[in-house]
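See below for the structure under consideration.
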Amino acid sequence: MGTEQNLEAAMDRPAWAPPEVDLERPSTARIYDYMLGGLHNFAIDRQMAEQVLAVGPQIRLTAHANRGFLRRAVEFLAAAGIRQFLDLGSGIPTVGNVHEAAHRVAPDAKVVYVDVDPVAVAHSLAIVEGDERVTVVQADIRDTDAILSDPRVTGALDFTQPVAVLIVAVLHFVPDADDPARIVARLRDAIVPGSYLGISQVATFPFELTAEQRAVADRYTKANAVALRSREQIGAFFDGLELVEPGLVDPAEWRADGDVTDMFPSYAGVARKP
Ligand SMILES: C[S@@+](CC[C@H](N)C(=O)[O-])C[C@H]1O[C@@H](n2cnc3c(N)ncnc32)[C@H](O)[C@@H]1O
């Protein structure tokens, strides 16, 4: 990185940025925050986001549609009696967070947020400070056993009772080499019957990209290790579980309560452990 960019990065560092944050590397959490209209992102994130949006401007709608799916899924789960939520890859808090949606329906619900990104963790901690119903943990979803045995997680959630595990817009950041199916299977095994799993993930392009689009997509997918998956591959994450209506669909269409937006290919579902 040149001196000019270093200077820009230094000037861009606000007081709230945790010291371990590398301002020279784009972060998926902060790119997503930017796409949702949030303020917790840096020049390098905005630059990457704008390059991606230039290839697929619908990605902004996808981010909003995904966030809508997350809210409706939590409302559905709370209405179905779920009182414990494990939100993995929870992101930077923005409008309509999991604990807010859950507490609207069930004020006693427990929520554990887990994210690998220090900015997401710092902001989650700040907004839930003093709320004993919400726990925030910095961890990598790939360290599934460590998360499931973390005393903060086991102290907040009773795994002998139903838990909703949410992995929303996260698994495309887990490459095949890290065996996402094994991660999801480990989580499925950890929850009792009557628990739920909610997943959304970006899918493979249903159209041919131009050389220019491919170059930007490759750059983004390399920088963020994005793994696009087919509908079948995403559906396989729910093996052994029963998808609730309407099954595996576009996040915008999952129990939609407003206008369904045109969007980038993506699939979402919520399934119950029988
Ligand atoms: C696109 S955001 C989704 C945020 C939220 N789940 C939502 O749907 O609004 C993806 C989040 O996953 C987090 N993430 C990516 N890889 C992760 C990993 N290996 N372990 C934990 N979190 C991860 C990122 O830091 C980011 O906050």
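The values are calculated or read from the model by the stated rules, or taken from the named source; none is laboratory data. In this text, all values refer to a predicted model and were calculated from it rather than measured experimentally. Quick reminder, even Gly has a Cβ in these numbers, built from the backbone with ideal geometry, and neighbours come from all protein chains shown. In case anyone asks, the SASA skips ligands and DNA or RNA and just uses the protein heavy atoms, side chains included. Shrake-Rupley method; radii C 1.70, N 1.55, O 1.52, S 1.80 Å.
Among the residues of region 26-64, how many are within 12 Å of the ligand (Cβ to nearest atom) and closer than 19 Å to Ala122 by Cα?
Number satisfying all stated conditions: 14.
Go through the residues of region 146-162 one by one and say whether even a single one is away from the ligand (no atom under 13 Å from the Cβ), more than 25 Å from Ala185 (Cβ to Cβ) and open to solvent by less than 30 Å² (accessible area, probe 1.4 Å).
no
Report every pair of residues separated by at least 6 positions or lying on different chains whose Cβ atoms are under 8 Å apart, first residue within region 15-34 and among the aromatic types (Phe, Trp, Tyr), second away from the ligand (no atom under 11 Å from the Cβ) and open to solvent by less than 50 Å² (accessible area, probe 1.4 Å).
What qualifies is Trp16/Ala122; Tyr34/Asn41; Tyr34/Asp45; Tyr34/Ala49.
Can you name every residue in region 101-122 that is within 13 Å of the ligand (Cβ to nearest atom) and under 17 Å from Val163 (Cα atoms)?
Ala101, Val111, Val112, Tyr113, Val114
Residue by residue through region 163-177, note down the ones that are open to solvent by 30 Å² or more (accessible area, probe 1.4 Å) and more than 8 Å from the ligand (Cβ to nearest atom).
Pro175, Asp176, Ala177
When the residues of region 54-66 are filtered to those that are surrounded by fewer than 22 Cβ atoms within 10 Å (Cβ to Cβ) and within 19 Å of the chain's Cα centre (by Cα), which remaining residue is modelled with the lowest pLDDT?
Within region 54-66, the first condition is being surrounded by fewer than 22 Cβ atoms within 10 Å (Cβ to Cβ), and the residues that meet it are 54-61, 64.
Filter again for within 19 Å of the chain's Cα centre (by Cα), leaving 58-61, 64.
Numbers: Gln58: 75, Ile59: 79, Arg60: 85, Leu61: 85, His64: 89.
It comes out as Gln58.
Can you give me the number of residues within region 181-204 that are closer than 16 Å to Ala236 by Cα and open to solvent by less than 10 Å² (accessible area, probe 1.4 Å)? Don't jump to the end; show me each part of the working.
Filtering region 181-204 down to residues closer than 16 Å to Ala236 by Cα leaves 181-189, 196-204.
Going one step further and asking which of them are open to solvent by less than 10 Å² (accessible area, probe 1.4 Å), we end up with 183-184, 187, 197-201, 203.
Count: 9.
Just the residues that are near the ligand (Cβ under 9 Å from one of its atoms) and either basic (Lys, Arg) or in a helix (DSSP H, G or I) (or both), please, taken from region 72-99.
Val98
Output yes when any residue across region 123-133 is touching a residue at least 12 places away in the same chain (Cβ under 8 Å), within 11 Å of the ligand (Cβ to nearest atom) and surrounded by 17 or more Cβ atoms within 10 Å (Cβ to Cβ), and no when none is.
Scanning region 123-133 turns up at least one residue that is touching a residue at least 12 places away in the same chain (Cβ under 8 Å), within 11 Å of the ligand (Cβ to nearest atom) and surrounded by 17 or more Cβ atoms within 10 Å (Cβ to Cβ).
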